[in-house]
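The values are calculated or read from the model by the stated rules, or taken from the named source; none is laboratory data. Just so you know, these numbers come straight off a predicted model, no measurement behind them. As a convention, Cβ positions derive from the backbone with ideal geometry for all residues, glycine included, and neighbour counts pool all protein chains shown. We work out accessible area using only protein heavy atoms, side chains counted, and drop any ligands, DNA or RNA first. Shrake-Rupley method; radii C 1.70, N 1.55, O 1.52, S 1.80 Å.
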Amino acid sequence: GPIEPLRNLLKSPSAFLAVIASSVLACSYNLLAFKMLQVLSPVGAMVVHTLKTPAMLLISFMLFGNQIGIMQIIGFVVITVGVHYYKKYGREIKDDDYVVVGSSPKDKRELDEFDLEGDHGEVEVKSVPSELDDSI
């Protein structure tokens with residue numbers, strides 16, 4: 001029945017220990033990922049997560065002798081070059097970096113070229129009552 005795999009797991013102490021160890025490692029990984037987001041920016045965390053796959057490939061090659069294909073090597077090089085260029089030239093966009101578009105007639109004509117809805121960029125803003133409004 002459906003409980004049979006669980007019975008077999010409990011009969012083998014080494015398999016049960018492997019499942020427990022795997023669970024602890026997975027939990028630790030998730031906790032460290034959340035801690036990393038507190039320390040790094042979201043973009044920095046993305047870079048670290050991107051490097052995780054090549055690191056796993058290299059570790060499996062060194063520990064278990066698993067073969068690495070040419071496409072994996074090319075992917076590793078692309079990721080490494082991308083991380084290098086991000087570290088050297090990349091920066092996060094801050095609120096101060098945004099440019100406010102003026103309201104001169106020339107700017108208005110340029111914006112109208114992209115106005116697919118024909119409302120000339122006018123947006124109706126509606127206030128939605130919320131329970132949070134009372135607490136502020």
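Assorted remarks:
- Annotation for the stretch 80-92: at least one member residue is free of Cβ contacts under 8 Å to residues at least 40 places away in the same chain, open to solvent by 60 Å² or more (accessible area, probe 1.4 Å) and outside any helix (DSSP H, G or I).
- Within the stretch 63-79, the residues that satisfy the criterion of being assigned to a helix (DSSP H, G or I) and aliphatic (A, V, I, L, M) are Leu63, Ile70, Met71, Ile73, Ile74, Val77, Val78, Ile79.
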